[in-house]
Every structure is written in structure tokens, then in C-alpha cells.
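This report concerns only the one structure given below.
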Amino acid sequence: MIGILYAVTILLSAGLLFSVQPLFARMVLPLLGGSPAVWNTALVFYQAILLLGYTYAHLLTRWLSFRRQIILHGLVILLPLILLPIRLPPGWIPPTTHSPVLWLLALFGVAVGLPFFVVSTSSPLLQKWFAGMGQRAGADPYYLYAASNLGSMVGLLSYPFLVEPSLRLVEQSRLWAVGYLVLIVLVGSCGVMVWRAHRPNAVAEERPVSPASAGETLTLGRRLRWLLLAFVPSSLMLSVTSYISTDVAAIPLLWVVPLALYLLTFILVFSRKPIPHWIMIEVLPIMLLPMVVVLASHAVQTTIMLIPIHLLTFFIVAMVCHGELAQDRPKPQHLTEFYLWMSLGGVLGGGFNALVAPLLFTSVVEYPLTLVLAGLLLPNRAAGEDQSAPLRDSAREKAEINRQRLLDGVLPLGLLLLVGGLIWFVQPRKELSGSIQIGLMFGLPALICFSFARRPIRFGLGIGAILLASTLYIGGAGRILYAERTFFGIHRVGLDATGQYHVLYHGSTIHGMQSVDPARRTELLTYYTPSGPLGQIFTAFEEKWQQHNIAVIGLGAGSVVCHKETDQHWTFYEIDPSVERIARDDRFFTYLRDCAPDAEIVLGDGRLSLASAPSGKYGFMILDAYSSDAMPVHLLTREAIQVYLDKLAPGGLLAFNVSNRYFDLKPVLANLAQDAGLIIRAKDDLDVSELQQQQGKIGSQWVILVRQVEDLGLLANDPSWFTPQPKPGTRVWTDDYSSLFSALYD
């Protein structure tokens, strides 16, 4: 009965701990344009607070008796009540000229730091209390850590599938506050049991057991190994999260999947009947090498198909690393210190990805680096290197060991040269299909590397050799001319494989393209061609908008500005200063210089910045802001529509670029139009011929909103512009409610 109470309490605390993460990150997203970096920064913050919570639990159990622990923690657990329910504090505006990371960390600290800290102390502290209760199960209380992670996973997965689609943010916050009140009661009940179990005169029983009396000594090397084994899955989790949320959308549905897998591995390895660890060790090389081929070949075109490969590889790596931690867990006397080192490794892994890597690298180098480290941490399965075994022929055995250690460095070096040579020879052979080229350049070396798998150093360095040599491979995207990494993502300017166009990428999505031919410099390409929906809009209203102000949310390469007429004034709203630098750099793009040198660019989140514009200023507004392939949700809410309508002149028109690989946003806008009493039309222009693609056109989908039918002008009777319908059973999106899960293509 006591064990059940402790397990339920730990499960609830973990559920609260990990449900508050997507809840508050969802509140913050509208302030930062829906950037996936919000989630990564949030994870680093939570990991840091988790470390503080584990440190508190460790010091509390080392320095105070059980009864004093209960008294102090009873006071601490009441402190978050002054901040509940959780909400976004007023007056917090993100910076527009530099990275908002520190600002965001401060915001998290003020709004949810204290509640998260207190809840984070529950698992290690309650496990320590349970171990001191004298129960038989207390001899190995680590199974409660599995219960903790089960609660965490339930809290996470319930958010995108149950909580977010059903409840507004304010309702979610109130529900969390109720859960916290229940936790106070349960922790109090656990404290009462511990209090009764430790009599006031049982001083010896109340003192923590010293390491000497525990019969186990923790060496520095063992502690550092715990740290590294925790570092790798934490870093890899953020790498995978960045990958899938950048190339799909910054939504909790995608954020929580890697974190849920991360927690699942803890559940499995710390359960009383774990999956045999040797199976995971054998599977890891089999999964790592296909992932290495994917990264080396820059495979991004079939993102939705690649996501399972990334997730499964991450899961196996985490199973091996966390399995090693579970195999090496110390006795209960060192429980809180064990969790402390694990937490520190998690913080360092997350901090490396979210804080350090963006300053050091212009691409996601931390992803392959972590895979190399995962290979190096594989348990050594090579025969003949067990130094503790008696040697029949000491000299011969040592010579063989030294030879193998030499080969640990020589063979990966040879693999590096081999991959480099294969790329040099195979890449120019255009007669070979892409899959054959990839197989020769990276598949064959991966098979060779697989033969290294029983020796971790050789295997890890072999992975590094393939990935390092792959930097020589240009790939289908062409040659990269420039790359810059910011809080909002990685922007790359490339010369396409044909040598005809400069292309701006965010993630794997094209955000602008310009011909390198001077005669075609002002030609409208990609989503903005004269033959596309936006071109048709400008043609239909050419006379009406001669002297109007036009607003564009989202700058990209500045391509759309070449629709400008002589007397028009254009204003771009762009959240990322690096995008403006790239668009104004004449080495890459000259749209702004050639078509609208007087165009105004306002830095900051488009919706927030637009709010300060005069009412009725713009005759036409283009919503073209994207975080890689998805429009930020806060630009598609009831409140956002009201902001746009306030700034739109009488008879004006709103145009939304809803081109997307994964989400159908037309029903969302149909709901919003119906709610606001607006007229809506949409056009899909996805049938693009091969010749048009060669000329720079990309298929696109556009939606327009007007106040009355007359405002549609020539488009009112155009059969190619249809009226989209809301999806049955879906609600209008607001700042307090949205569910991209409901907008997935059927």
C-alpha cells in the first residue's frame, strides 16, 4: 500500500512536470514567430531547473534528518501557489535586434521557474524517503524512477492528443493548478508516513548513510561516464526535435514525440523486467549506419518518410545509453547523487544544442557529432581485450592489443580517404542515378564501417570519417554560397545544381529564388510568378492598387516586391534580422535594390509589429511568413484576423500563402472567414510542368479574404477561385485555442 501511494505521487508529479512544458511553450510561441527554437530553449531551461531540483533533493537528504526534510519541504511545496494558475506575465516584449534566448530564459524563470523547480524535486526526494521506510521494495527503489518517467510520458502525450485539441490555454492552466493541489495532498501523505516511521529518538536512523558504510565508492571516472551517457541522448533528442519541427511545423505534436521516446527509454531500462540490454547494443550499429547515410547524402526531400528513421535511431541510441546507466546504478544510498549526475549530463547535452551550437556552427553539426559520440560509447565487445583475464602469452597478447589499438586510428583514416575518393570519382558521373551514387559514395563505406562495430573507438571514428568526408558532396541542392544560423533557424543561400539560380532555404523549404542571368534579375519566380495565383491577383487589381500601401508579413529573398507599381509603397514585416541581411546582400539577391529600393522593412514579429500601424493603412496585405514549411499558428487566429482587418483599407484584400506539404490550412481560414463574416476564395496551382519548374516556378496554394463580394473584383466570377469549406467538427482558432493536429492532410 505504501509503495502504491509513493508510485502514484511520483507519477502525478512527473505528469505535471512534463505537461507544463508544452503548455507554457505554447503560450510563448506567438511572441517569437512560432520558432522551433522556443521548444529547444524551453527544454534547456527545464533541464537546468530539473538539475536544481535534484541538487536540492540531494543536499536536503544529506544534511537534514527525515523529519526536518519533511518540515522544510512542506513549506517549499506551498510557495508556487502564489503564481498559480500559470499565465504569461504582461509587458514581456522580445528583442528585435539580437537573439532572444536570454530574454526567453528569463521569461520562463519568472513565469514557471518556481512551480517547475518544486515539482522537479518530488521524484528523487520521494524515492529517497521510500528507501528509508524499511520496506523490502526500498532496497532497490529505482523502479519508482520508471513510474516517474511513465507519468512524464503520459503528461506529454496527453497534451497534443487530448489537452490541446479540447481545452483553451486558460482552461489548461487551471487544470494544471488543480493537479498541483492534489500533489500537495499526496506529498503530505507520504511525509506523514515517513514521519511516523522515524521516531524522534532514532537519530542514527535519520542520518544519511555515509559512503563508507554503504560499502560502495563512487570514482570520478564512474561519475563522468554517467554524465556522458546522459549527455548523448539529451543532445540527440534536441537535434531530432529541431529537424522534424523545422521541416514540418513548430507544434507540440511534433515536439513531444522525441521527448516521449526519451522518457520511454528510462521506463524500459529501469523497470523490474527490462528489455535485454545486449539486444539494444547489437541493434545500435545496424540503426546508426543508415542514419549516417541519410545525413551524409543530405536527404531532405522525403521528410515525412525520413522522420521514422530519425526517431528510431534516436530511440535505440537512448536505450543503449540509458541502459548502460541502469546497469551501472549505485546502491540507494547514492540515489540522489546518481540522479544529480544524470541531470547534469542532460543539461549539458541540451545546453550544447540550444546555446553553444548556434554560436559555433552554421549548420546542425551537433547532430552528426552526437552520433559519433554514441558510437564511441558503445560497450567494447572485442575479444582478447579483457585486461582482467589471465594472459597465456603476455607478450603476444600485448602486441596484438597494441596492433588493434593502432588500427583503431588507421582504419577510420583510410575510410575517410576512401569516401573522399569515391565522392570525387562518382559525383560527376551524371549517367548514374542518384540512388546508385549514394550507394557507392556512402552505402559501401557504411558497410565497411559496420565491420568496426565491435570496437567502439574504431566504430565511432569510422562514423566520423564518413560524415566528415561527406562535406565534399554537393548534393541535389547545389553548392552552398552562404549559411547563417540564428534563433529562428538556419538560412542557406545556394547555387542550384543547374547553376541558373540563387536559392534561399530555411530548413529544406525554398523561401526565395533569383536567376543569376542579369536579363532575368527582376523576373518573378517560385510562388510569385505572374502565371500563379498571386500574379493573377496583382493583374486583377492593377489599376485599383496603383497608389495603395501594401504590407507583406515575411520577407524571404524579397522576390514578391517585383510586383510593385511605381506609386505604391511597400512595407515588409520580418522577424529575423538575418533574413533582411541576406535579402539586401547584392551577392545573392537584388530584388529589393532593383524593384523597390525605398521599401520599408520593420523587424519584429509581423503581427506584433503590425499592431502599431495606422488603421486602414494598407489596401493589400500578403501573409507569407513561414517557419520552414509551416505558417506560424498565431497568424491564423481570430485575434490575428481582427488586427489585419483593422489595418486594411475599405475594399482591401488579404492574401495568405498556404502552400504546405503536411497541413491543409484552407479549412482553418474558412472557419475564420465564417466567424468574422468575410468572403473567402482559394486557388490551388499545383500542376506545374517540368518546363515551368526549370524556369523557376513552384506550385503554390493561396487564399484571399475580403469584406464583401464586390471587393473580389474580376476574381469574383473566376471558376478557378473556389470557396473552401470549414472541416466539420473543428473550432475556430484563437490565441487561446488551436490544434494543427486537426489540420493535417487526410
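Each reported figure results from applying straightforward, stated rules to the coordinates on display, with no laboratory input. This structure is a prediction, so every number in the text was calculated from the model and none was measured. Cβ: placed from backbone, ideal geometry, glycine included. Neighbour counts: every protein chain shown.
For region 67-89, backbone nitrogen atoms closer than 16 Å to the point 7 Å from Leu5 Cα along Cα-to-C-beta are found at 67, 70-71, 74.
Pairs to check: Lys683/Lys727; Lys647/Lys697; Lys430/Lys697; Lys564/Lys697; Lys564/Lys617. Give those whose C-alpha atoms are more than 22 Å from each other in this structure. List each step's numbers first, then the result.
Working: Lys683/Lys727 17 Å; Lys647/Lys697 31 Å; Lys430/Lys697 24 Å; Lys564/Lys697 19 Å; Lys564/Lys617 17 Å.
Listed pairs above 22 Å: Lys647/Lys697; Lys430/Lys697.
Highest-first packing order for the peptide set 118-130, 275-287, 634-646, 521-533 is 118-130, 521-533, 634-646, 275-287, based on the mean count of other beta carbon atoms within 10 Å. Sorting the segments 461-473, 602-614 by their residues' average number of neighbouring beta-carbon atoms within 10 angstrom, most packed first, yields 461-473, 602-614. A simple spin-label model places pseudo-atoms 7 Å from Cα toward Cβ; at Leu432 and Arg196 they are separated by 7.5 nm. Sorting the segments 492-499, 64-71, 425-432, 558-565 by their mean number of nearby beta carbons within 10 angstrom, highest to lowest, gives 558-565, 64-71, 492-499, 425-432.
Think of it this way: in the chain, Cys190, Cys321, Cys449 stand alone, with no other Cys Cβ under 4.7 Å.
Helix-only estimate, please: 222 nm mean residue ellipticity of the chain, summing -39500 (n - 2.57) across DSSP H runs of length 4 or more and dividing by its residues, to the nearest 500. So the helix-based figure for the chain works out to -16500 deg cm²/dmol. Subtracting the Cα-Cα distance of Val110 and Leu228 from their residue separation scaled by 0.36 nm leaves 39.4 nm.
Estimate the FRET efficiency between Trp63 and Ser158 by the formula 1/(1 + (r/R0)^6), using the beta-carbon distance for r and 30 Å for R0, to the nearest 0.05. Kindly include the intermediate steps, with their values, before the conclusion.
Numbers: r = 37 Å, r/R0 = 1.23.
The computed FRET efficiency comes out at 0.20.
Remark: region 591-597, residue by residue, has Karplus-estimated 3J(HN,Hα) of 4, 5, 5, 7, 10, 7, x Hz, where x stands for each Gly or Pro and the curve is 6.51 cos²θ - 1.76 cosθ + 1.60 at θ = phi - 60°. In this Cβ point-charge picture (+1 for Lys and Arg, -1 for Asp and Glu), the chain has a dipole of about 2840 debye about its Cα centre. Once you reduce region 459-536 and region 75-133 to the center of their Cα atoms, the two points are 40 Å from each other.
Dividing the mean sequence gap of close Cα pairs (under 8 Å, 6+ apart) by how many residues the chain holds gives a relative contact order of 14 percent. Assuming R0 = 25 Å, can you tell me the calculated FRET efficiency for the pair Leu413 and Lys331, based on Cβ-Cβ distance, to the nearest 0.05? After rounding, the FRET efficiency stands at 0.05. Proximity of backbone amide H atoms, modeled 1.01 Å from N, is registered between Val602 and Phe572, Tyr573, Glu574 at under 5 Å, excluding neighbours fewer than 5 places apart on the same chain. Between Asp594 and Glu543, the modelled label-to-label distance comes to 3.0 nm, taking each label 7 Å out from Cα in the direction of the beta carbon.
Arrange the following residues from fewest to most other Cβ atoms within 10 Å of their Cβ: Ser578, Ser433, Ser297.
On the way: Ser578 16, Ser433 9, Ser297 20.
Placing the least packed residue first, the sequence is Ser433, Ser578, Ser297.
Between Ile474 and Ala716, full extension at 0.36 nm per residue minus the direct alpha carbon distance yields a gain of 82.4 nm. Between Glu282 and Val709, residue separation times 0.36 nm minus the direct Cα-Cα distance comes to 147.2 nm. Separation of region 254-277 from region 168-188 is 26 Å, based on Cα centroids. Excluding same-chain neighbours fewer than eight residues apart, the lysines reachable from Lys331 by a Cα-Cα span under 25 Å are Lys128, Lys273. Which distance in Å, rounded to a whole number, links the C-alpha centroids of region 698-728 and region 624-688? Comparing the Cα centres of region 698-728 and region 624-688, I get a distance of 11 Å. Working from label points 7 Å from Cα in the Cα-to-Cβ sense, the Ser615 to Thr730 distance is 3.1 nm.
Just to verify a number: FRET efficiency for Leu78 and Leu481, C-beta to C-beta distance, R0 = 56 Å, to 0.05? E between Leu78 and Leu481, to the nearest 0.05, is 0.45.
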